[in-house]
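The block underneath contains the structure these notes are about, expressed in structure tokens.
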Amino acid sequence: MQDSSLTIKELNLNDTASFWAMLDNFKFYVDRDYYEGCIERHKEGNLIIVTASKDDAFVGFCLLNWHPKYGLFKKFSMPETQDLNVLGKYRRSGVGRALIEYCEETARKKGYEDIGIGVGLNSSYGAAQRLYVRLGYVPDGNGVCYDRKQVAGGDLRPIDDNLSLMMTKIL
């Protein structure tokens, strides 16, 4: 059941102050330079910052990247949903699902047949791992990636936010 007080839409550049305020409420480190770059890429049309709001306050966001750096997605010109984040008290209420579904529908309307997503491998990503599978995403078959580059058998990488499993879905 969709929450009628939930609004999903592309970031309006007039709302960047509210976007920054939301980022300040996350418990993890926020790389401000990275998100300033995302806002620039949003302005240029290279990605879309998708926001979720309830009662006129941002409660989550993700990116829909038209030009991801992951090799398989780049090879097949496949957009990627990235950086899905929902404020703690709004988790498990459908916000993440709504953000992903918005990205899928936006990609579908632009004529894409597939979409990709990556998920971290440590336990802090457990909810996202389960959500992506429930939404029909499957591993792309290329194993584990580190910083969007495939990890070869026997290679060692830290188990941090850059270690991920890349997944795809037919739209």
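The values are calculated or read from the model by the stated rules, or taken from the named source; none is laboratory data. Keep in mind that this is a model prediction, so the values were computed, not measured. FYI the Cβ positions are ideal-geometry reconstructions off the backbone, even for glycines, and counts take in every protein chain you see. Please note that ligands, DNA and RNA were not included when accessible areas were found on the heavy atoms of the full protein model with its side chains. Shrake-Rupley method; radii C 1.70, N 1.55, O 1.52, S 1.80 Å.
Odds and ends about this structure:
- Rel. contact order, % - alpha carbon contacts under 8 angstrom, at least six apart, the range 17-171: 18 percent
- For T106, the accessible area of its heavy atoms, probed at 1.4 Å with every protein chain present, is near 20 square angstrom.
- Positive dipole terminus of the chain, leading residue within L163, G37, N14 (C-beta point charges): L163
- GNM result for the chain, Cα springs below 10 Å: residue of G45, G126, G153 fluctuating most strongly: G153
- Diffusion constant of the chain at 10 °C, which comes from Stokes-Einstein with the Kirkwood Cα-pair radius and 1.306 mPa s, µm²/s: 96 µm²/s
- When +1 charges are put on Lys and Arg Cβ atoms and -1 charges on Asp and Glu Cβ atoms, the dipole computed for the chain relative to its Cα centre reaches about 440 debye.
- Between the range 108-171 and the range 62-106, the alpha-carbon center distance in angstrom: 11 Å
- Candidates L72, L13, L84, ranked by Gaussian network fluctuation over the chain, Cα under 10 Å, top entry: L13
- Max mean-square fluctuation residue, GNM over the chain, Cα-Cα springs under 10 Å, options P158, P68, P79: P158
- GluC sites (Glu not before Pro) restricted to DSSP loop in the range 71-171 with at most 15 other C-beta within 10 Å: E113
- Partner lysines whose Cα lies under 22 Å from the Cα of K75, excluding those fewer than 8 positions away in the same chain, are identified as K109, K110, K149, K169.
- Rounded to the nearest whole angstrom, the semi-axes of the ellipsoid equivalent to the range 111-171, taken from the Cα gyration tensor as √(5λ), stand at 21, 14, 8, largest first.
- Percent of Cα-Cα distances greater than 14 Å, calculated over the range 1-64: 56 percent
- Restricting the range 110-171 to trypsin sites (Lys or Arg not before Pro) that sit in a DSSP loop and have at most 13 other Cβ atoms within 10 Å of their own Cβ leaves K110.
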